[in-house]
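Heads up, the thing below is written out as structure tokens.
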Amino acid sequence: MAATGASGAIYFKMLAQKLASSLPAADVLAGVLSDNARDVWRTELEEEGYASLPFRIYEKNDFNAPFASGSGRFDTMIIAPCSMGTLGRIAGGISNDLITRAADVMLKERRRLILLVREAPYNLLHIRNMEAVTLAGGIICPATPSFYSRPKSLEEAVATVADRVLDLAGVAVKTYRWGEGD
């Protein structure tokens, strides 16, 4: 997992919690946060919980991280939230930090890359970058909550997005499913 400086630190936090409760610790092996992601976390969540996540956090320039190479056995990468700057660098094949390098590895090895983009509105460059990443095999998942489960809090609305991302990652989660009632 990775987080960039886009608004939406709550998505990374909730995904980390859900992954930790859904998978054995060995399956959620690593994370990386940009400097801006740490700043946004402190601003939006008014805490520094990223320092005590239940998996190892690598520094943004640690290119010795196992997921910086195709020989690593990582099969999925989630970037949540994914800034438009990070999206643009991934779309352009620019691997200037561990997040963009790991994303490049996922694409070149034909593995799952899920970008939880967090921006509104989109300009044409954003849309073209989303197209480029999609054509390269990535999955663009806008941070758009659903409301048919009638969420009653911000956390419940965020969970609709987190559960969708985990579904895309192939992680079994208990969540509201359309047509299955309440």
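Values as computed for the structure displayed
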{"quantity": "Test result for Glu131, of a type in the set (Asp, Glu), surrounded by 10 or more Cβ atoms within 10 Å (Cβ to Cβ) and closer than 15 Å to Leu15 by Cα", "calculated": "no"}
{"quantity": "Matching residues, region 141-182, being polar (S, T, N, Q) and within 14 Å of Phe12 (Cα to Cα)", "calculated": "Thr160"}
{"quantity": "Every pair of residues 6+ apart whose Cβ atoms lie under 9 Å, when the first sits in region 133-162 and is under 16 Å from Ser83 (Cβ atoms) while the second is among the charged types (D, E, K, R)", "calculated": "Gly138/Arg112; Ile140/Glu131; Cys141/Arg164; Pro142/Arg118; Pro142/Glu119; Ala143/Arg118; Ala143/Glu119"}
{"quantity": "Filter result (modelled with pLDDT of 95 or more and either on the phi > 0 side of the Ramachandran plot or of a type in the set (S, T, N, Q) (or both)) within region 151-175", "calculated": "Ser153, Thr160"}
{"quantity": "Output for region 38-61, where each listed residue is within 20 Å of Arg101 (Cβ to Cβ) and loosely packed, with under 14 Cβ neighbours inside 10 Å", "calculated": "Arg56, Glu59, Asn61"}
{"quantity": "Single residue of region 1-41 satisfying the filter (farther than 27 Å from Ser95 by Cβ and in a helix (DSSP H, G or I)) that is modelled with the highest pLDDT", "calculated": "Ile10"}
{"quantity": "Matching residues, region 106-123, being in contact with a strand residue (DSSP E or B) (Cβ under 8 Å, 6 or more places away or on another chain) and more than 13 Å from Cys141 (Cβ to Cβ)", "calculated": "Met106, Leu107, Arg111"}
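Rundown of residues vs (1) of a type in the set (A, V, I, L, M, F, W, C); (2) touching a residue at least 40 places away in the same chain (Cβ under 8 Å), yes/no style:
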site: Arg56; (1), (2): no, no
site: Phe63; (1), (2): yes, no
site: Ala68; (1), (2): yes, no
site: Ile79; (1), (2): yes, yes
site: Ile94; (1), (2): yes, no
site: Leu98; (1), (2): yes, yes
site: Arg112; (1), (2): no, yes
site: Leu115; (1), (2): yes, no
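The values are calculated or read from the model by the stated rules, or taken from the named source; none is laboratory data. A quick note: this is a predicted structure, and the numbers were derived from the prediction, not measured. Methodologically, a virtual Cβ is constructed for each residue, glycine included, from the backbone with ideal geometry; neighbour enumeration extends over all protein chains shown.
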